[in-house]
Every structure is written in C-alpha cells, then in structure tokens.
Amino acid sequence: GCVLVVSVIEQLAQWHNSTVKAATERLCNYIPGKYQIIYHMLICIDREMNADVVCHSLKLCKQDPGQPLCHLYPPPKVMGRGKHSPGLFYALAHAGQKRQIKTFMGFSSVCAFPLLANLCEKIKYVIRNKLPFEDFDGDKFSTFPTLRGYHWRGRDCNDKNTTVYPGRRPDNWDVKSDSNCNGIWGVDPKDGIPYEEKFCKGADSQGVVLLGDSAGAHFHIPPEWMTVTQMSAKSFANLPMAFTDELDWPQFSEITGFLNSTIGGWTDSLYLRLRRRNRCNHRDLQNISQNGGSSGNLLYLIKSLARNQLLDNPAIVIYATIGNDVCNGNRDTLAHMTTPKEMLSNVVQALRYLDSRLPNGSHVILTGLVDGRFLWDNLHDRYHPLGQLNRDITYSQLYSFLDCLQVSPCSGWLTPNETLRNLTSERALQLSNVLKEIARSEKFANFDIFYMDFPLRQTAEEWHRMGGEPWQLIEPVDGFHPSQIAAALGTSITWQKALHEWPQVLGKENPFNDQIEAVFKDQGGH
C-alpha cells in the first residue's frame, strides 16, 4: 500500500514538475475528506528516494529476519560499490542518516483516527458477517447500497417489515402492498384481478444467487487512481463507495450486475437476462461472494444466504470459486492447494446445506476452475499502470514484488516458473473434474445440478472476433481478475449454453412483460 501511494506521489511531482510536498498536497486534495488522513502521513517523502526506500524508511515496509528485502523498483545503483551492486541496503542506511524520518506503526493505526474509526468498525462487521450493515428488520436485505447492502442483494422495499423482501412468493397476490419488492402490486380495476396473479402466476419466477470469490464479487481497483497523466478529483469520486464495498463492484458483475457499468466495458448479467425473460424476477438477486472465497471458507459464507424454503421462490444458484482453491501467496504454494478429496467434501457439504434451504424446483450450476496460465502469457512483459509513465514496472516485476511479500493472489500462476504454472493448472483441472463428477452422480431433493467449464477460452475467442486483445480481459491494476469486458462476454456465453443444454433452468418467457412495464414503468428501478 505504501509503495503504491508513494509511487503515485513521486510520479505526480514528475508530471507536474513540482516538489513532492506539493504533489502530496495535490493528491490529498483529490481524495474525499475523511480519507485524506492516510496521505497526510506521507508528507515527509524525499524525491531523491524511490518508493521502496521511502516506505522502508517510514517503517511501513519491513524486512522480517531470514526473509528477502522486497522491492518493486530496481535497487538504486551506488557509486563505488561495483557497477551492478544493488544499493537498497545502502540507500536505506543513507536515508536514515540524511534526515530524521518520522516512522509509523502501519496502516492498521489509520483506524485509530476518530474520523475513520466508525467506518472501520462497520467494514469489519460486514467482512465478518457478510450481511448488510444497515438492515433494520433483520431480513438480510437493505435500502442502503454499500456495506453489503443492495449492491449485493436486491433492494428491500420496506426495511421495517421482516416479511417484505425480494424473492418471496407474493402475500395474498400483493393486493394491498408489494411484499416481494418486484414493483408489481394492486388490483386491475378493469376486471378486479390482482396484477401479481395476472402477470406472474405460473411464470416460473426465480431468483439468482452467486456463491463465489473476488471474481464473482467483481474485484476492481480503478486504474485512474494511479495513472497520474489523467488524475483529478473526479478520479477518486468513487473511492468511498469502493472502500465500503471492499473494492468489489457486484452491481456490475457477471451474475448479479444490474447497473450500467461506470468502470469501462458494459454490464450484462445472468440476473438482467432472467429479468428480461420474466419481469416478475425484478430485484431477486444475491451475490454471496467474498475476496479470497474458496470451497473451504464458502461453508461459512453460505450461511448468509437469505432463502425461506416455504415462503420464497426457487433460485438458480451459481457455485463459482474459480481460483482460490489453487491460489495462495505461500512460498510452498502447492502444499497449500485444496486436494481433490477436500474439494469433494467441501462442495458436498455446501450442497447439503443448500438442500436444506432452497425451495423445491431450484437449480445449482457448478462452475469449473479457470486455467490461470492465461494471466502470465498475456501480461508478464506489459507495463503496469504504475509503470507506464517511466516504462519501469512490468507485471512480471509486480508479481515478483507481491510474491516476495507473500501476498501474491496466486503464487502458482503469477510466476516466471513455467513448471509451477503448469502444475497449478493441473491441480485446477483435477478440482474441476471433482465438480463435474459431483454434478453427474449426486442427487438432491430440492434442486437439480449441472456443471460447466469456466468459459475463458470462448471469451477470448469472442473478444478476438470483436477486434480486442487478450490482455484487455484482465483487470489492469491487479493483473489477476476478469475485467468488466470479460464479465459481460462470459454472461453471454453462459446464457447461450444454458439455452441450448438446460433450457429448463432459465424458465419460460413471460408473455406479459410488456404489459408489466406499461403498468409499473415507474416502479422498475433497482
């Protein structure tokens, strides 16, 4: 975090030909109010030091005993120490002698500031519970967008009544009020038939639920946060929202997206297509994903599912932990990967839990793991957004830096070691085969079960046909997650597969969609 921020400040000073102090103040002015405290901590940067030297000097970066000294930039060359001698140790010692640099305990102390303490507590709550922070009636749905609110689950239309929420079957055909928040209620004055009964009875109404990881939650760090040539206050206008959504953008995601994308590309989602197919499905979505989600920790995460077996509509559940069962930041990464036996146990436990919660007539789709060799193959020699100004940081350097810190999102794939990349993909395929076998052999009382490969190859082929480049399918800042373009294309491919192979999953088309829009056009917002 420190190296990133200091890099941006130093590049701002370079781009605007200003002092580092002026550049720090410029960045502070770009940042929304309460978040500025983080940047005021860094006012003492020396322009002659690179970001690695500054952050080690501030004690925000440290070297543990017996561990290598991690750095993003090439170490400074030091006169008189041999032409190719790395001078990072010397530079650090020199930085300490040159000036008294104030040190900090680390970014965890940011939460000690009164302005941020309350926000930190809210974020800790939602990360721990995966439930909306603002939920007055306790039905797991909210009228507040972030902090696991309606960006993640359909928006509640009455947060003071626990029996009113998206996805339930209508109460008495919603004659007097909208009990399921789909905007359809009341009685047609022409014939006295309730609108919900007229338009939605027998319409195969169903919701969509994602059980997933950071790819499903749609992790994204805006590149404009670190591209100094385009940086302005407008670049950071979305920072508070992103921060309180855990740097995830589920409202634009492949499975539950419902808003027009503001982060590039376009939004296309399984939810939007189900809603177009049957307008009665309005707002019936749940994105139960977390950064770092895997088959193991999903067993805890799944308990935040909101579905009443007796009162609610069936649901299509997408189970998609596409990488974290093989991805970790450990040095001995292979030893920390999920084994096929563990995968089988974890997934079957999750499915048994779903069988005890989902209404009869639901569907579960198991998604295979991705082949992450695509990442190194298409990014390793390209410049990262931080390296574009001076052409000095490639994705290969970023991956090595994160790996050194043991915070790599995937040591097995984000590595120059081709053998390790191949072994990681081999394990991913083994785990996908476990999912395929579960879909073939396991039977459950309340849902049928299907398997599909993660459609990376088809997505890349489709994007190539549209004139795109493979690297555009990967998030530019982290160099790891699917981009907005990849998410939208993936939706189209998944939908076509379902239409041709499992049409029963999608339900039939509602012939009353146009009439619903005509009568309730003002109540169709999300």
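Tabulated data for the structure shown
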quantity	calculated
Hey, Asp381 open to solvent by 20 Å² or more (accessible area, probe 1.4 Å) and either in a loop (DSSP other than H, G, I, E, B) or touching a Cys at 6+ places or on another chain (Cβ under 7 Å) (or both) or not	yes
Extreme residue, farthest from Gln290 (Cα to Cα), among residues of the range 228-252 that are outside any helix (DSSP H, G or I) and of a type outside the set (Gly, Ala, Ser)	Met231
Candidates Glu469, Glu442 - the one that is loosely packed, with under 13 Cβ neighbours inside 10 Å and not aliphatic (A, V, I, L, M)	Glu469
From Val434, Val519, Val505, residue being farther than 26 Å from Tyr383 by Cα and at pLDDT below 95	Val519
Only one of Ile474, Ile449 that is among the β-branched types (Val, Ile, Thr), surrounded by 15 or more Cβ atoms within 10 Å (Cβ to Cβ) and touching a Ser or Thr at 6+ places or on another chain (Cβ under 7 Å)	Ile474
Which numbered condition Cys181 fails, given (1) crowded, with 16+ Cβ neighbours inside 10 Å; (2) hydrophobic (A, V, I, L, M, F, W, C); (3) closer than 30 Å to Ile516 by Cα; (4) in contact with a helix residue (DSSP H, G or I) (Cβ under 9 Å, 6 or more places away or on another chain)	(4)
Residue that is farthest from the chain's Cα centre (by Cα), among those in the range 50-78 that are within 22 Å of Thr394 (Cβ to Cβ) and at pLDDT below 80	Lys77
Flag if Asn172 is over 15 Å from the mean Cα position of the chain (by Cα) and buried (at least 24 other Cβ atoms within 10 Å of the Cβ)	no
Some residue of the range 185-204 being buried (at least 20 other Cβ atoms within 10 Å of the Cβ), at positive phi and either without any contact (Cβ under 8 Å) to a residue 60 or more places away in the chain or not aromatic (Phe, Trp, Tyr) (or both)	no
Segments classed as helices (runs of 4 or more DSSP H), wholly inside the range 438-511, with at least 2 members that are under 20 Å from the mean Cα position of the chain (by Cα)	456-465, 484-501
Selection from the range 266-282 of residues that are closer than 19 Å to Pro511 by Cα, open to solvent by 10 Å² or more (accessible area, probe 1.4 Å) and under 20 Å from the mean Cα position of the chain (by Cα)	Leu272
The range 141-169, residues that are surrounded by fewer than 20 Cβ atoms within 10 Å (Cβ to Cβ) and under 26 Å from the mean Cα position of the chain (by Cα)	Thr143, Phe144, Pro145
Members of the range 352-378 found to be open to solvent by 60 Å² or more (accessible area, probe 1.4 Å) and either over 19 Å from the mean Cα position of the chain (by Cα) or of a type in the set (A, V, I, L, M) (or both), listed by number	Arg352, Arg357, Asn360, Arg373, Asp377
Residue identified as at pLDDT 95 or above, out of contact with any Phe, Trp or Tyr (no Cβ under 8 Å at 6 or more places or on another chain) and of a type outside the set (Phe, Trp, Tyr) among Leu398, Leu366	Leu398
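Matching residues to (1) over 22 Å from Ala487 (Cα atoms); (2) in contact (Cβ under 8 Å) with a residue 24 or more places away in the chain; (3) assigned by the TED database to the domain that holds Trp225:
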position	(1), (2), (3)
Pro359	yes, yes, yes
Arg373	no, yes, yes
Trp376	no, yes, yes
Thr394	yes, no, yes
Phe401	yes, yes, yes
Leu423	yes, yes, yes
Phe454	no, yes, yes
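Residues are listed down the side, and each one gets a yes or a no for (1) in contact with a Gly (Cβ under 8 Å, 6 or more places away or on another chain); (2) in contact (Cβ under 8 Å) with a residue 40 or more places away in the chain; (3) of a type in the set (Asp, Glu):
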{"position": "Leu299", "(1), (2), (3)": "no, yes, no"}
{"position": "Asp312", "(1), (2), (3)": "yes, yes, yes"}
{"position": "Ala320", "(1), (2), (3)": "yes, yes, no"}
{"position": "Gly323", "(1), (2), (3)": "yes, yes, no"}
{"position": "Asn330", "(1), (2), (3)": "no, yes, no"}
{"position": "Pro340", "(1), (2), (3)": "no, yes, no"}
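The values are calculated or read from the model by the stated rules, or taken from the named source; none is laboratory data. Just so it is clear, the model here is predicted, and its values are computed rather than measured. All Cβ positions, glycine included, derive from the backbone under ideal geometry; neighbour counts span all protein chains shown. Side chains included, ligands, DNA and RNA excluded: accessible areas come from the protein's heavy atoms. Shrake-Rupley method; radii C 1.70, N 1.55, O 1.52, S 1.80 Å.
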